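Remarks on the structure that follows.
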Amino acid sequence: MNEKLDRRKKYTRMVLKDSLITLLKTKQISAITVKEICGEADINRSTFYSHYHDQFDLLEQIEEELIADLNTYLDQYNFEQEAEALKMTEKLLEYVISKRDICQTLLSGSGDQSFERRVMDVTRTFLIKSWINNNEVDPDISEYAGTFVISGSIYVIKHWLANDMDKSPKQIAELINSFRFRE
């Protein structure tokens, strides 16, 4: 019985998340109501409230899952080695492809820009730690350099998504990794 409930919970949450993403393609998060999400999902409002507080909570949960996945990917690779950095970037881009609809929607600004900021914070922290460990960048400017590299990389990914991913993940990974600082 518990497994059936868990499957129903997972299904309900998936449908609600998909419904919010669908609505975010045409509206800002602040203009979306719980009633609209429930209508899109064909789910009762009381069911929605048993899972989430409001549309902002639902969006935050979607972002949390993606950020957790991002952290998992970043922790798997040794960014200090060029080949590993390239492989990690390529794997991250493959993940973006697998979550294309969600990533494209959240990076488009239909959310509230928090997702892009959170992605930048996570990757900047990881990148700066790697740079400092390798003495690649002066610690006094590492935060600025990290912001520059990460924001450029995010905009490359946004452009790539907008162009229907017209280049392979490997090509985009090579481009992004070419932005790394050299001594």
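The values are calculated or read from the model by the stated rules, or taken from the named source; none is laboratory data. A quick note: this is a predicted structure, and the numbers were derived from the prediction, not measured. Neighbour counts are summed over all protein chains in view; Cβ atoms, including those assigned to glycine, are modelled from backbone coordinates with ideal geometry. What goes into the accessible areas is simple: the full protein's heavy atoms, side chains included, and nothing from ligands, DNA or RNA. Shrake-Rupley method; radii C 1.70, N 1.55, O 1.52, S 1.80 Å.
So here's what we get for this one:
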{"item": "Test: residue in the stretch 14-26 that is touching a Lys or Arg at 6+ places or on another chain (Cβ under 6 Å), modelled with pLDDT of 95 or more and surrounded by 17 or more Cβ atoms within 10 Å (Cβ to Cβ)", "result": "no"}
{"item": "Cβ-Cβ under 7 Å pairs, at least 6 apart or on other chains, the stretch 38-55 side touching a residue at least 24 places away in the same chain (Cβ under 8 Å) and under 13 Å from Thr22 (Cα atoms), far side open to solvent by 90 Å² or more (accessible area, probe 1.4 Å) and assigned to a loop (DSSP other than H, G, I, E, B)", "result": "none"}
{"item": "Scope the stretch 78-95; condition open to solvent by less than 20 Å² (accessible area, probe 1.4 Å) and at pLDDT 75 or above; matching residues", "result": "Met88, Thr89, Leu93"}
{"item": "Residue that is least open to solvent (accessible area, probe 1.4 Å), among those in the stretch 139-175 that are among the polar types (S, T, N, Q) and within 19 Å of Glu94 (Cβ to Cβ)", "result": "Ser153"}
{"item": "Where Ile29 falls short, out of the listed (1) in contact (Cβ under 8 Å) with a residue 24 or more places away in the chain; (2) surrounded by fewer than 16 Cβ atoms within 10 Å (Cβ to Cβ)", "result": "(2)"}
{"item": "Any hit, the stretch 25-36, residues being part of a helix (DSSP H, G or I) and touching an Asp or Glu at 6+ places or on another chain (Cβ under 7 Å)", "result": "yes"}
